[in-house]
Every structure is written in structure tokens, then in C-alpha cells.
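The values are calculated or read from the model by the stated rules, or taken from the named source; none is laboratory data. Bear in mind the structure is a predicted one, so any value in this text is a computation, not a measurement. FYI the Cβ positions are ideal-geometry reconstructions off the backbone, even for glycines, and counts take in every protein chain you see.
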Amino acid sequence: MTLEQSEYQKLVERIIELLERHRGDPNAREAILSELRTLYKKIPIYPGIITELLPKVVQSTEMDKLKEGEEVVLVLRNGCIVSGKVAEIGPSEIKLVEGKRLDVSSLAEKVPVRREDVREAKVISRVVLEKEWPSLDFEEE
């Protein structure tokens, strides 16, 4: 087996692992697949780097570490999943724009989410290549 074959095998295994981990979260799965597509178009000859970067697309975080402008997935205590971009952060709630619920129906312009209702928060990064390997980001300007 060549190095390229083993790296692709690891990439496929990582994709399967991530999709299984986020099985009940279509927003996180969509972000992972979208970023996989983007990374592969940018660096198709480096499957090992793609394998390393994919788990960084969706990561658990603490509520206090969320920042305005970040794309997030919030798993509420009642099991509902809400995603969107953080528009405002207040002491008792977070407002999201471009919000979606698990059923992927659009929500209001700004969605208030009470902090006490959030069981888990995840930050989505669609620029892991630029952050982790800027020398490999051959994006045309």
C-alpha cells in the first residue's frame, strides 16, 4: 500500500467517525461536509492534512467563550438544536441571526436563546485551513 492510499483510508475513516459523532445534528454534519468539499478543492493532494483539519470544523465550547459573528450550533436542554450566527451576547441570552432549528425551517431575524436552556454549544469554523496551515491556502485573491 502506498502512502497516498493509507492517507485516504484514514481520511475516509475520519469522515465516517465525524458523521457518526454528529448523527443527530444535521447543521454540524452539513458544516463538516461543506468544509470537506472546500478543503478537498483547495488541497486535494494532501489527504492527511484534511484528515487532521476536519475534526476542528465543529468543536464543543463553553457558553462564555462564544463571540459575536461566530457560526454556532446550540443543543438545548430539551434536545432541540438551534444554529445560526451570534448577533448579540447578553447576560441571560444569546441572539442568533440566520437561525435554523433542527427541522431546518428559518427562524426570526434575531433568535433569543436563554443561556440556561443551552446544554451544549459548538463553534463552527469554515476556515480551518487558513488558520492551521496558512501556507497551503492557495485561494486566489
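A compact table of results
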quantity: Total residues in the range 1-56, condition of a type outside the set (A, V, I, L, M), closer than 21 Å to residue 81 by Cβ and in contact with a helix residue (DSSP H, G or I) (Cβ under 9 Å, 6 or more places away or on another chain); calculated: 8
quantity: Residue list for the range 1-57, filter: surrounded by fewer than 18 Cβ atoms within 10 Å (Cβ to Cβ), within 25 Å of residue 73 (Cα to Cα) and of a type in the set (Gly, Ala, Ser); calculated: 24, 34
quantity: Selection status of residue 85, among the basic types (Lys, Arg) and exposed (fewer than 13 other Cβ atoms within 10 Å of the Cβ); calculated: no
quantity: Residues located in the range 54-102, provided they are touching a residue at least 60 places away in the same chain (Cβ under 8 Å), assigned to a strand (DSSP E or B) and aliphatic (A, V, I, L, M); calculated: 58
quantity: The listed residue being closer than 25 Å to residue 120 by Cβ and in contact with a Phe, Trp or Tyr (Cβ under 9 Å, 6 or more places away or on another chain), out of 36, 18, 53; calculated: 53
quantity: Unique match (being at pLDDT 90 or above, farther than 22 Å from residue 10 by Cβ, over 12 Å from the mean Cα position of the chain (by Cα) and not β-branched (Val, Ile, Thr)) among 121, 87; calculated: 87
quantity: Count of the range 37-53 residues which are of a type in the set (Asp, Glu) and assigned to a loop (DSSP other than H, G, I, E, B); calculated: 0
quantity: Every residue from the range 19-46 that is among the β-branched types (Val, Ile, Thr) and either in contact with a strand residue (DSSP E or B) (Cβ under 9 Å, 6 or more places away or on another chain) or closer than 12 Å to residue 129 by Cα (or both); calculated: 32, 38, 43
